[in-house]
Amino acid sequence: MLRQNKNKILISVIAMGCSSIVTQIIILREFLSVFYGNELVIGIILSNWMLITGFGSYFEKHFKFSRKKYHIIIFQICIAVLPLVSVFLINYLKNIVFPAGSMNDIFDVFLSSFIILLPYCFINGMLFTLLCDYYSDISKSNKINKVYSFESLGSIVAGLIYNLILIFVLESFQSLTIICIINLSAALFLSVSIKKNVLSIGLIFLILISIVSLFFDIDKISKGFLFSGQKIVYRKDTPFGNLIVTKLDNQINFFENGVLLFATDNVINNEELVHYAMVQHKNPKNILLISGGFSGVFDEILKYKIHKIDYLEINPYIVDAGKKYTNFKDNPKINIINIDACLFLKQTKNLYDIILINLPEPATAQINRYYTVEFFKNLKTKLSDNGVVITGLQSVGNYISKEAAKNNSILYSSVKIFFKNILIIPGQKNYFILSDNNLTYNIPGEIKEKKITNSYVNEFYIDTLLLKARSEYILSNINKNEKQNKNFKPVLYFNELRYWLSYFKENYFWFFLMLLIIIILAITRVKFITLGLFTAGFSSSAIEIIILFSFQVIYGYIYQMTGIIISIFMAGLFLGALFLHKYVKTNIKNYAYLQFSIGVFSAVLPLVLLVLDKYSYDIIFVKTIFFLVTLIISTITGIIFTITSKLQKNEYNEIAANSYSADLFGGAVGALLVSALLIPLLGINNVCIFISILNFLIGIIILMKRKRKLIY
C-alpha cells in the first residue's frame, strides 16, 4: 500500500512537470504575440513566472493541511484547467483592457502578465512544496530531491514531445488540453485511493469534456479577439515563430510573434525600398532581397531589366502563405531560398549588384543580427563592383529625439568602416544607402531617365532639394564616433529598447521601483544556507538565456529551440538531483566548490561560443555543443539543489519551500537582469565574466562562514 501511494504521488509530480513546461512555453509565446515581444518582455514574463511560483512554494510552508492528499487533488485540478483559461484571457482581454492598436509600456506588460500568471504559478509553487512534504512524510525521510527530479522528468518528456511533434500537428489549445487530461487523470488516481466517489465522478466528467473540446478550434476563436476587425486566413506555429496572416479589406498582413513583418498594398514603402537603391546602379542585374518579398517588392524590382532575384526567407511557411494569399506570380527570375541571411552570406559565392534588406527595426535581439558589424562585413564581400546596399531604421520625421539620433549614429558607425559613401534618405523609414560607388540624391531624375513608372517615387511627388536638405539634417545629428553594434554586444538593440521606453517616461520610475521592491523581497526570503542555491539559480537562468541568445545570433531563430533547450536543461536538473549528487559528499565545503565550478564554467563559456560561431556551418556539431553546455550547467544546479535540501534540518515542507523558492528567486532575477539589461549593456562575454566573479565571491563567503560556523 505504501509503495502504491508513493507511485501515485510520483505520477502527480510527473504530470505537474508536464503541465509546467508546456504551459510556460505556450504562455510565453502568447504574450510575445500580444505585446509584440522583445527580450525585455521575455525577461519580465519569465521573471514573474519564477517569482510567483517561488512565493507560492514559500507560502505553503506556513500551512500544515490536515488532509494533504485531498488538497493535492484540488491543486492538480487547478493546474490542469488554469492554463487553458489563462491563454484564452491573454488574447480576449488585450483589446478590452488596452485600446486596439495602442502601444503598451513595460508597466502594462509587468502587471498584465503578473495577474494572468498569478493563479497558475502560485498554486503550482504550493503544489510542489505539498508534494515534497507528503512524499517525504510517507517515505519517512527527506525525498525532496526525488520530487524535484521527477518534476524535471515530466518537463523533459513533455517538452521534447511538444517541441518535436505536437507543435507541428496541434494548435496551442489542443496541446494544453492534452496536458489538462494528463493532470486530471493523475488527480483521478489519487481520488480513487481516498475513496471520494463524487470527486472521482466529477474528474471523469471533466476528462470527457476535455476530450470533446479537442475537436473544436478554440485557437481560432481566441485569436479572433486579438485581431479584431481582421479576418485570420492563416495560422501556424512554426519552428521559427507563430505565424498569422490576416486580411483587412484587400490588404494582407503577415505577423510573426505578434510583430508585423510586412503588408501588401503598401506602395510607398515598396517603391522607396527598391527604387532608392536600384537607381544608384547603372545596370543592376543580380539582386539579393532579404525578407518581405510578398509585400509587392518583387513587382517593383521586375520593373528593371534584371537577370535574377535571390530571395531569402528563413521561414518556409511565410513563402507558402505568401504564394497562397498574395498576388505573387511565379517568375523564373525569382529564386526563393529558405535560409537565414547571415548563414547564407557566409556560404554563398554569388555576387550581387543590389542588396535590399526589408526587415523591421532591431527591436529584438533576433532582428538586431541584421544590423551588426559582422553582418555588414560578410555582406560587403558579396557585393559586385559598384554594388549598392539599402537598409533602414524607424523614420524620425522632422524631429530627431536623443534616442533616435543615437540609433542612427550606431548604425552609421557600424557601416562606415565598410563603405566609402553613405546616404540617409528619409521616407517611410530612414533609408541607409551604402556603396563604394558615387551616390545621388537626384532619385526622381534617375527614375525619369530610366523610364520607370511609379505611383509615388517620381518627379511629381519627390523634390530633390528638399530630400537632400532633410537628409543633411539627419546626418548633422549623427555622432560619427558612436559605438558599433556587434553580435555579442548588441548596443543598437539596447538603445532600441530605450527608444521604446522613452514613450512611457511617466511609468518608467514606478515600474523599476516596484521591480526593485520585489527583488529585495525575494532576496530577503532566502536563508543563508540557500544563498548558494539562489546564486546557482541566478547563474543557470542567466546562462540559459545566454545560450538561447547565442544560438539566435548564429542561426537566427530560437522559437522551437527554446523548448528543446529548456527540456535539456530539465534533463540536467533530473540527472543532478536524482543520480549524480551521490558522487558529491553532502557538506559545506563541496557546497562552496560547486559554486567555484559554475565560476570556472562561466569564464570558459565565451571561448566556447567563439568556436561555435566560427564553425556555424556544421549545424550538428554546434547544436550538440549547445545541448552539452546546457546539460552541464543544469546538472550542477541539480546537484546544488539536492545538497542544499540535505544540509537543512527543518521540517520537510519548510526545507522544500526554502530550497525551491531560493532556486526560483535566483532564476527570476537572472532572467530579467540578463535578458533586459546586462547582455545589451555589457555584451555576452562581460556577462559571463560577471557571473564567474559572482560565483567565486559567493563560494568564498560560504567557506568563510563555514570556518566561523555561521553557515546555519
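The values are calculated or read from the model by the stated rules, or taken from the named source; none is laboratory data. This is a predicted model, so every value here is computed, not measured. Virtual Cβ from ideal backbone geometry, glycine too; neighbours counted across all protein chains shown.
Collect the residues in the range 174-223 that are charged (D, E, K, R) and in a helix (DSSP H, G or I), keeping them in residue-number order.
ASP219, LYS220, LYS223
Against the condition assigned to a helix (DSSP H, G or I), modelled with pLDDT under 80 and within 25 Å of the chain's Cα centre (by Cα), how does LEU673 come out, does it pass?
No.
Would you please name the residue that is nearest to ASP217 (Cα to Cα), looking only at residues in the range 146-161 that are surrounded by 23 or more Cβ atoms within 10 Å (Cβ to Cβ) and not hydrophobic (A, V, I, L, M, F, W, C)?
Per the stated criteria, the residue is GLY159.
Hey, any hits in the range 451-461 for a residue that's assigned to a helix (DSSP H, G or I), more than 30 Å from PHE375 (Cβ to Cβ) and in the same structural domain as PHE376 (by TED's automatic domain parsing)?
Checked against the condition, which is being assigned to a helix (DSSP H, G or I), more than 30 Å from PHE375 (Cβ to Cβ) and in the same structural domain as PHE376 (by TED's automatic domain parsing), the range 451-461 yields no hits at all.
With the structure loaded, tell me whether ASP299 is among the charged types (D, E, K, R), over 26 Å from ILE558 (Cα atoms) and in a loop (DSSP other than H, G, I, E, B) or whether it fails that test.
When the stated conditions are applied, ASP299 does not pass them.
From the list ILE478, ILE424, ILE433, which residue is within 23 Å of PHE494 (Cα to Cα), part of a strand (DSSP E or B), touching a residue at least 24 places away in the same chain (Cβ under 8 Å) and in contact with a Phe, Trp or Tyr (Cβ under 7 Å, 6 or more places away or on another chain)?
ILE424
Evaluate the following for GLY572: is it within 24 Å of the chain's Cα centre (by Cα), modelled with pLDDT under 90 and not aliphatic (A, V, I, L, M)?
Considered against the rule, which asks whether it is within 24 Å of the chain's Cα centre (by Cα), modelled with pLDDT under 90 and not aliphatic (A, V, I, L, M), GLY572 comes out as no.
Say whether the condition of being modelled with pLDDT of 90 or more and part of a loop (DSSP other than H, G, I, E, B) is met by at least one residue in the range 374-389.
Yes, some residue in the range 374-389 is modelled with pLDDT of 90 or more and part of a loop (DSSP other than H, G, I, E, B).
Which one of these is among the basic types (Lys, Arg) and assigned to a loop (DSSP other than H, G, I, E, B): LYS329, LYS324? Steps first, answer last, please.
On the way: LYS324 fails: assigned to a loop (DSSP other than H, G, I, E, B).
After applying the criteria, what remains is LYS329.
Could you tell me whether ILE27 is out of contact with any Leu (no Cβ under 6 Å at 6 or more places or on another chain), assigned to a helix (DSSP H, G or I), buried (at least 23 other Cβ atoms within 10 Å of the Cβ) and at pLDDT 90 or above?
Against the criterion (out of contact with any Leu (no Cβ under 6 Å at 6 or more places or on another chain), assigned to a helix (DSSP H, G or I), buried (at least 23 other Cβ atoms within 10 Å of the Cβ) and at pLDDT 90 or above), ILE27 qualifies.
Any residue that is modelled with pLDDT of 90 or more, among the aliphatic types (A, V, I, L, M), in the same structural domain as ASN368 (by TED's automatic domain parsing) and within 28 Å of the chain's Cα centre (by Cα) - is there at least one of those in the range 415-434?
Looking for residues that are modelled with pLDDT of 90 or more, among the aliphatic types (A, V, I, L, M), in the same structural domain as ASN368 (by TED's automatic domain parsing) and within 28 Å of the chain's Cα centre (by Cα), one finds at least one in the range 415-434, hence yes.
Aromatic (Phe, Trp, Tyr), closer than 27 Å to GLN230 by Cα, part of a helix (DSSP H, G or I) and modelled with pLDDT of 75 or more, is that true of PHE75?
So PHE75 does not fit the description; no.
Is it the case that some residue within the range 466-479 is touching a Ser or Thr at 6+ places or on another chain (Cβ under 9 Å), in the same structural domain as CYS342 (by TED's automatic domain parsing) and surrounded by 14 or more Cβ atoms within 10 Å (Cβ to Cβ)?
Quick first cut of the range 466-479, residues touching a Ser or Thr at 6+ places or on another chain (Cβ under 9 Å) only: 477-479.
Retained after the next criterion (residues that are in the same structural domain as CYS342 (by TED's automatic domain parsing)): 477-479.
Now restrict to residues that are surrounded by 14 or more Cβ atoms within 10 Å (Cβ to Cβ): 477-478.
Yes, the range 466-479 has at least one match.
Just to be sure I understand, how many residues within the range 238-261 are under 12 Å from PHE227 (Cα atoms) and either free of Cβ contacts under 8 Å to residues at least 40 places away in the same chain or part of a loop (DSSP other than H, G, I, E, B) (or both)?
Within the range 238-261, residues that are under 12 Å from PHE227 (Cα atoms) and either free of Cβ contacts under 8 Å to residues at least 40 places away in the same chain or part of a loop (DSSP other than H, G, I, E, B) (or both) number 4.
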